[in-house]
Each structure stands twice: as structure tokens, then as C-alpha cells.
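Notes follow the structure.
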Amino acid sequence: MAVVTRRSGVSPFAREDSGASRPLRNGWTVRRAYDAIKIQVSTIAISLTLFNLVRLPREAFRYGDLQFLIIYTFWLITLGLPITMLQLTMGQLSQQDPVGVWRAVPILRGIGHLKILTSYLCCVYGMIYAALAFAYLIWIAKGSIPLKDCIKLHITPYGYENKMNASECFNSTFLAPFTEHPQYLGVMAILIFVLWFFVPIMLYRLRKSLTLSFLVISPMILIIAIALASFLSENGSLYSLMEYCENWKAMSEPYIWHSALVQALLSTQIVSGYLISAGGTVYSFSDVRWVSTFVVISNTLSGWLWVLFWEFISGSSKKDLGIITILVLIYQSSVSERRGKEWPILAFALVLLSGVISVLTLLFPVYDKLHRLTGDQWRLYASATSAVGTALTVAVLASGLDIVALLDEMVVPVLAVFTVTIEVVGFVYLYGWFYLTIDVQFVTGARLSSYWIIVWWLTPFILLGVTGWWLRASLRSSWAYGLVLWPVVGILILMIIIIVIFAAIAVAKEEQFNFITKVASAFRPSRMWGPEEPMARYLWMSQRYSSEHSTEVETASDRNNYSHLKSNKSKTYQQNWLTSELYQRSPEFVSKNDKTSNKKDMGPKYKIHDRLKDNDRERAEKFRSPNVCIATDQLGGQSKCSCNRHFTLNVPDLRNTEVSTSL
């Protein structure tokens with residue numbers, strides 16, 4: 001007898017409260033209330049990452065605050081919401097990581113590895129932001145502002161004045177070349193090492209540690225932000241914000257549309273695979289529709305508030321639009337406004353805590369995959385990834401911020417758009433929108449509106465259309481200024497290589513007779529696809545079967561209503577298994593139209609169904625496995641069943657009848 005166990009999470013279809021909890025009104029308990037708070041805080045934490053706190057305001061400063069926020073909100077609603085619900089649904093249904101979820105379409109397994117690669121790459125250069133904020137927090141706390149190495153006095157009619165701005169301060173201290181100031185790079189290397197090895201400890205128990213870390217860090221970020229609000233400028237901020245609103249011509253350029261699209265994908269964690277891993281763990285008890293809506297709402301509010309927050313702090317001073325815009329803005333506003341040390345310390349602590357949340361969300365799908373691959377030894381492999389990440393981060397920092405800008409503005413956007421495009425194509429076009437609607441209905445308990453299907457069908461065309469528009473404009477500008485877009489070509493080649501390699505591995509693992517059938521089988525869901533728990537899997541397969549063979553799809557809470565299962569059970573098992581003479585026969589003799597009207601009742605039939613065209617169904621069933629079919633006494637012999645789960649078949653002498661039996 002086999003015992004099925006799960007590695008993480010619990011089934012969303014068997015919800016029981018373990019242990020005694022204090023009852024509240026309306027059936028709530030303290031435990032359930034605590035779980036609900038954890039889920040909401042975990043969703044809010046997604047909107048407090050560096051993508052929203054640092055990257056979004058920088059892009060808004062470049063293209064215009066109001067214009068960028070309008071387009072960003074548009075992309076969140078039109079594409080962010082349906083893609084978020086798609087990933088959460090697939091994660092909650094399969095209880096898998098970003099790679100394992102591609103059991104639905106094995107030939108696209110490379111997309112899952114690309115998502116993990118994107119998550120790890122974002123973590124590499126995100127550590128630089130966190131380490132810089134950490135370094136300045138320590139240096140300002142133990143010294144004074146401006147820093148001693150950031151003073152360049154000049155005599156003016158009004159006395160001595162410091163002519164070194166904030167950008168020059170960063171470039172002369174912790175971003176200085178190794179040959180000029182090696183001590184600063186050494187300090188940064190130590191801080192990067194500390195962050196890479198101590199922050200991941202917060203994921204020691206994966207889901208439980210992640211939610212607990214979110215519960216502690218997220219309120220701290222909000223409290224610090226409220227404390228910093230008391231230092232906001234009073235007058236010039238609103239005027240500088242309205243000046244950007246005059247240039248509405250920027251909304252006709254492809255750069256702002258593509259930048260806002262990539263920002264929406266990054267802010268919602270669509271590109272990192274976090275939503276898929278969290279769907280089966282953090283959100284295993286949640287309604288994916290409400291979680292998706294709350295993710296979009298929280299990111300929309302966070303984007304607007306953070307842009308206004310930094311706009312108010314900057315005042316009317318000129319902003320630096322480099323890759324570390326917010327860090328420069330913090331230091332510059334502290335010096336120009338002659339604020340005390342407390343303000344920059346709190347501001348850099350805000351960026352540092354946001355960096356910690358970013359690292360946790362980006363590393364969670366990576367560690368989830370390691371846990372499934374290596375079992376209890378995953379922490380050892382996680383330490384190895386931290387060592388590699390430390391070396392890569394220090395190497396990128398030593399190469400200068402140009403490499404960081406290249407990764408953030410060119411490599412990651414290309415990876416984000418193309419992985420999401422192929423992901424939607426895989427689930428909607430290859431896996432099939434028909435099965436997708438059944439899966440969403442099974443997870444949510446409600447029939448899926450046709451609006452979502454239409455948006456999913458249009459998503460690949462929108463993503464590729466906007467990206468093609470941006471690439472066309474980028475190529476023209478690069479040729480005009482003598483630049484090359486070799487990073488785009490390189491990352492596209494790398495993506496194709498990874499997809500082809502893992503597609504070849506998936507095809508080689510298929511148990512078919514020739515190459516053509518192997519490839520065809522790799523485009524169909526594997527036998528391991530679906531819920532892991534036996535009962536949930538049985539309900540899921542029953543719903544798929546009834547949807548395929550009925551004219552109308554069942555609605556409203558099918559997975560919680562067992563009445564139809566009881567009726568099926570009474571019809572299915574009304575025969576006497578101990579006295580019936582039943583045999584297994586080859587799958588090609590079992591078809592959809594196999595009736596028993598003119599024959600003796602043969603008992604139940606079992607069949608694994610596949611959504612195929614009618615003319616392909618019979619041929620495909622020969623290669624599907626496992627197939628267990630029941631036949632009558634046409635072959636002779638007797639069958640005996642001794643228990644509910646296992647049974648034995650006594651067949652005639654195989655040498656005489658030339659009949660084989662495979663169970």
C-alpha cells in the first residue's frame with residue numbers, strides 16, 4: 001500500500017483547522033484570523049520591494065510622473081491582473097515550483113528555468129542597492145553628513161561652499177574604482193557577503209519563515225515611511241510634479257509604454273516565478289481571484305504613493321536620473337535641506353529593509369526548487385547559491401554601474417517580456433483554454449468568465465507588439481548614435497538555447513515508440529500533472545471527465561459538493577465484484593461509444609481521458625499510460641478481487657493464448 005505525502009503546503013480542497021483555537025463570532029477562530037492577516041501582509045509585502053520603492057520612481061522621473069503612473073496603472077489592470085490569476089491558479093492547482101508546473105506542457109520546461117534565472121539575476125544586482133544603503137547608513141551613523149570624503153570646498157562671495165554633489169560623492173566612495181579606493185570595495189564586499197548569507201536565513205523553513213519575515217519587516221517599512229513624511233518639503237514639490245504633466249507628448253513614444261509594461265511585470269512578481277510557488281504554499285487556502293485583485297490594488301497604490309513620496313522629498317532640486325536615483329536623492333536632500341543625521345539614517349534603512357523583502361521574494365522560488373530537487377539537503381545547496389551570488393554581485397559592482405544599468409534596463413526587460421509571453425502561450429494555446437477554464441473552476445468553485453479567456457488570448461500579441469515597437473525605436477536610435485544592441489541579441493540566443501536543451505530532455509524522457517510520437521506527447525500534460533492529494537486529484541479528474549462528456553459545464557462549488565460523487569458511486573459500484581468474471585482488455589477496444597445495452601452488464605470501466613480531437617482520440621489512447629480497462633469473459637479464465645485497492649487476475653496459460661496482462 002502506497003502512502004502519498006506532500007513536501008510543502010496543504011491541499012486547498014481539504015481545509016481543516018488543526019488544534020484547538022479560541023472561537024470567534026461567525027465561525028472564525030484565532031488561528032484563521034491570524035492566517036488571514038498573514039496572507040494580507042504577504043500580499044502587501046510584494047508592493048514594498050525595490051521594484052516599487054526604487055525602480056518605479058526612477059522611471060517616473062525619466063518619463064514624467066503622471067504620464068508614467070497612468071500607463072503603469074493601465075498595464076496593471078489589463079495584463080497584470082489576468083496573468084497574476086493565471087500563475088496563482090496553476091501554482092495552487094499543482095502545488096509545484098515554477099519548473100514543476102510545466103508538467104502541464106513538458107516541452108516548455110525551459111521557461112521555468114528561465115524564470116528562476118531571472119529571479120536570481122534580479123537578486124544579484126538588487127543586492128547592490130541594499131549594500132549601498134547599508135554602507136551609507138553605517139557611515140552616517142558613525143560620522144557626520146556630509147561625509148568627510150564628500151567635501152570639496154570652494155570660496156564664493158558668500159563664503160565656503162561644498163561643490164561636490166551627491167553623484168560625485170557616491171562615485172568617490174563606495175562606487176569608486178578598485179584601483180583608486182580599494183578599501184571601499186572591500187567594505188562593500190563584506191556587506192554583500194553578510195546580506196547574501198544572513199538574509200536567506202529568514203527562509204530557513206521556507207513558507208513559514210517567509211510569512212513571519214513579512215509580518216515583521218512590512219510594518220517596519222510603513223512606520224519608517226510615515227516617520228519620514230514629517231520631513232517632506234512644503235512648497236516646491238507640487239510645482240515640479242505639475243511641470244512634468246505639461247509634456248504629454250511622451251505618451252506617444254514607445255519607451256514609456258514598454259518601460260511601464262516591464263515595471264508592471266516586475267512589481268507584481270510575475271517575472272520571478274514567486275506567484276507560482278506562493279500559489280501552492282502562501283496562498284494555498286485563498287481564492288486566487290481576490291488575491292490577484294489585491295495584488296494589483298496594492299501595487300497601484302504603492303506605485304502612486306512612492307512616486308509622490310520621493311517627489312515631495314526632492315523638492316524643487318534637480319534630480320539625478322542614474323541607476324541609483326533614490327539613493328542619490330536621499331543624500332542630496334539631506335545635505336541641501338541641512339537635515340540632521342536621523343533623516344538619512346531612516347531613509348537608507350527604508351531602502352535596506354525594502355531590499356531584504358526583495359531578496360526574500362526573489363529567492364523563495366529558487367529555494368523552493370532546490371527543496372524539491374534535493375530534499376532535506378536543500379540548505380546546503382542554498383549556501384552554495386549564496387556563495388555564487390556573492391561572487392557575482394562583487395564582480396558586477398567592481399565592473400561599475402554600467403553593468404547594473406545594462407542588466408536592469410536591457411537584459412531583465414527582455415527576459416521578462418519573452419518568458420511571460422511563452423508562458424501564456426503554453427498554458428492558453430498548448431495546454432488549452434478549455435482545460436484552463438476547468439482548472440480555474442475547480443480551484444475557485446465558480447465558472448470562469450469569457451473575459452479572462454479573451455484577455456489571455458490577446459496577451460501574447462500585446463506583449464510582443466509593444467516590445468517590437470520598442471525594439472524598432474531602439475534600433476533606430478542606436479544606429480543614429482553608433483550604438484549596438486548586442487545584449488538583446490545575446491539574451492535572445494541564450495533563451496533559445498535553454499528552451500531547446502530542456503525541450504530535448506523532455507522529449508527524451510517520453511515513453512513512446514518513435515521520435516514523432518515523443519515530440520507529440522511532450523506537448524501534452526504528463527501523467528504527474530494535477531493535484532498531488534489522491535482525493536483532490538480524483539475530484540479534479542472527475543470534473544474534467546464530466547466537462548468533456550456533458551453539454552453544459554457544472555457550476556458553483558463542485559469541489560465542495562459530494563452529492564454527484566455519491567450518485568456516481570451508487571451507479572458505478574452496484575455490481576458484485578466478487579462474482580463478476582472480469583478481464584482486462586487492450587485500450588483500443590474501449591471508446592467513448594462503447595455501450596452495454598445488448599450485452600450482459602460488465603461492471604465499471606476505468607479510462608484516462610485526454611482532450612483530443614475525435615479522430616485522434618482512438619490513436620492517442622494507445623500510447624497513454626496508465627490505462628486500466630475491464631473486459632468480459634471473452635478470453636476465458638477467472639478474476640478474483642480480494643480488497644478494495646488491489647486485485648489479482650488469474651489468466652490462462654500465456655503460452656497457449658498469447659495474451660499478456662499489464663497492470
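Does region 49-92 classify as rounded, prolate or oblate by the C-alpha gyration tensor (a ≥ b ≥ c root eigenvalues; a/c under 1.5 gives rounded; else a/b over b/c gives prolate, otherwise oblate)?
Note, shape of region 49-92 comes out oblate.
Roll a 1.4 Å probe over the protein chains and send me the accessible area per residue for region 281-438 in Å².
In whole numbers, region 281-438 has 34 Å² accessible per residue.
For region 31-523, just the Cα atoms, rotate onto the principal axes and tell me the three extents in Å, largest first.
Projected onto its principal axes, the Cα set of region 31-523 covers 87, 51, 51 Å.
Between the DSSP loop rule and a limit of at most 14 other Cβ atoms within 10 Å, which trypsin sites (Lys or Arg not before Pro) in region 269-327 are left?
Those that pass, being in a loop and sparsely packed, are 318.
By per-residue mean of other Cβ atoms within 10 Å, what is the highest-first order of 372-382, 184-194, 82-92?
With the highest mean Cβ count within 10 Å placed first, the list reads 82-92, 184-194, 372-382.
At residue 464 and residue 336, where each label point lies 7 Å from the Cα along Cα→Cβ, what is the point-to-point distance in nanometres?
Reported label-point gap for residue 464 and residue 336 is 4.6 nm.
Between residue 29 and residues 5 or more places away or on another chain, which pairs have amide H atoms under 5 Å apart, with H built 1.01 Å from N, and which residues are they?
24
So what are the ³J(HN,Hα) numbers for region 191-200, from phi and the Karplus equation (6.51, -1.76, 1.60; θ = phi - 60°), rounded to whole Hz, Gly and Pro as x?
5, 5, 4, 4, 5, 5, 9, 9, 5, x
In what order, largest first, do 524, 58, 472 sit by accessible area if the probe radius is 1.4 Å?
Order by accessible area, largest first: 472, 524, 58.
Place a +1 charge on the Cβ of each Lys and Arg in region 31-523 and a -1 charge on the Cβ of each Asp and Glu, then give the dipole magnitude about the Cα centre in debye, rounded to the nearest 20.
780 debye
The values are calculated or read from the model by the stated rules, or taken from the named source; none is laboratory data. Bear in mind the structure is a predicted one, so any value in this text is a computation, not a measurement. Methodologically, a virtual Cβ is constructed for each residue, glycine included, from the backbone with ideal geometry; neighbour enumeration extends over all protein chains shown. Ligands, DNA and RNA are stripped out before the accessible areas are found, and what is left, the full protein with its side chains, is counted by its heavy atoms. Shrake-Rupley method; radii C 1.70, N 1.55, O 1.52, S 1.80 Å.
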